[in-house]
Structure formats: C-alpha cells, structure tokens
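J.: Quick one: the structure is below, questions incoming.
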C-alpha cells in the first residue's frame, strides 16, 4: 500500500459518511405530510443479504445463517414502518435472486416500478475477489442507467472487523471499496453509501431510521 493510500481511503470514507448522515431522501418536505408510500427495490449479487434485509424491515428478525433465495422471484407483502409520528409504507415488492439469469429476466422492469433502490453487495468478496468485484460493478452500472435514487450498502463488514470489532479495519475496508468504485463510477452517483454488519440490530436500525429522512 502506498503512503498516500491511507489518506485517500480516509478521505473517501469521510465524504461518504457525511452524505449518509443526511438520510436517503425518501421523504418529501411538504408540511403536514405524515404518511408516505414508496416501492423499495432491494437488489444485488447473490449472497449479499437482500432477503435478510427485507425480513428485518418486515418483522425485525435476523437470520444467523445464509439461505439462498430460490431462482424465482418471491413476493414480499407491504411493510408499514412508524417513527416519530411518521408512517412509511413500503408497498408490495419482490425479493429477486442476484444471478445473471434473474438480472436479465427481471431487473429492468422491476427497477422501473420502484421509487427507490437499495443495492447490497458483499464487502469481503468485493475487495478480495476480482470476478465478484467486476460483476458487482457491472450490476451497479446497469442499475444506475435507470436513474432511480439508490442507497448502496456494503454488507459482511464484520469479516474485516474481526471478533473484537476493529474500527480501523472497518474504515480501511470502506476506503478500499470507495477507491475501487470511484475508479469506475463518478463518486456523486453513490453518495449514499454505508458499510454494515447485518448481524447487529443497532446498525440495521440506523439504516431503517434513515428511511425517514
């Protein structure tokens, strides 16, 4: 690693952190509006945590083991979230697999029907496996062409933090991801980017809270 790499990773991490704290822009600003309906699309490569995330939004449950999504889209009933007098209704959506066939068959039309997109990918695989990284970047470019508001979540960050939750390793991993992405995609296209440990309820709760901002 070059002597300036640590600076670059930290710089990108600070920028993304500042963007993320502003929320995800789900809410309109009209006075008096207390209830909103949105159709949320959760996309990403296989094994990135899409089903895990949708189930958490639905009933607060956290899965301790990976169960692949069947190679058929699965319907998710509407989800109602309430916070500080605001009600956000996530309309009926679909849990789509992340394989190439599903992307070709379903993703284009599905994205058209959504108001907002969450794109999840595995941090560990993204950094360590070039094939996964190239596949993920290809998917991101495909989604970006649809001009929908997108939140990017890098999952499995706990692999880098280890059992002691090393924060410096987390920031290092986040910086590497941003560096890889910024080489291929303009940084303003992924201003809502966060890394997350999907096993931690408090981190999932922060993501959910940002839906109301």
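J.: Do any residues in region 144-166 that are more than 20 Å from residue 177 (Cβ to Cβ) have Cβ atoms under 8 Å from those of residues that are at pLDDT 85 or above and assigned to a loop (DSSP other than H, G, I, E, B), where the two are at least six apart or on different chains, and which pairs are they?
T.: Here the result reads 148/114, each pair linking region 144-166 to a residue that is at pLDDT 85 or above and assigned to a loop (DSSP other than H, G, I, E, B).
J.: Tell me, please, whether a residue that is within 17 Å of residue 199 (Cβ to Cβ), at pLDDT below 85 and surrounded by fewer than 14 Cβ atoms within 10 Å (Cβ to Cβ) can be found in region 147-162.
T.: Residues of region 147-162 within 17 Å of residue 199 (Cβ to Cβ): 153-162.
Then keep just the ones that are at pLDDT below 85; that gives 158-162.
Now drop any that are not surrounded by fewer than 14 Cβ atoms within 10 Å (Cβ to Cβ), which leaves 162.
Taking every residue of region 147-162 in turn, at least one turns out to be within 17 Å of residue 199 (Cβ to Cβ), at pLDDT below 85 and surrounded by fewer than 14 Cβ atoms within 10 Å (Cβ to Cβ).
J.: Which condition breaks for residue 26 when tested against (1) assigned to a loop (DSSP other than H, G, I, E, B); (2) crowded, with 18+ Cβ neighbours inside 10 Å; (3) at pLDDT below 80; (4) within 14 Å of the chain's Cα centre (by Cα)?
T.: Result: residue 26 fails condition (4) only.
J.: Taking residue 114 as the residue in question, decide whether it is crowded, with 20+ Cβ neighbours inside 10 Å, modelled with pLDDT of 85 or more and out of contact with any helix residue (DSSP H, G or I) (no Cβ under 8 Å at 6 or more places or on another chain).
T.: Yes: the conditions hold for residue 114.
The values are calculated or read from the model by the stated rules, or taken from the named source; none is laboratory data. Just so it is clear, the structure is predicted and the values come from calculations on it, not from any experiment. Using ideal geometry, Cβ is built from the backbone for each residue, glycine included, and neighbour counts are taken over all protein chains shown.
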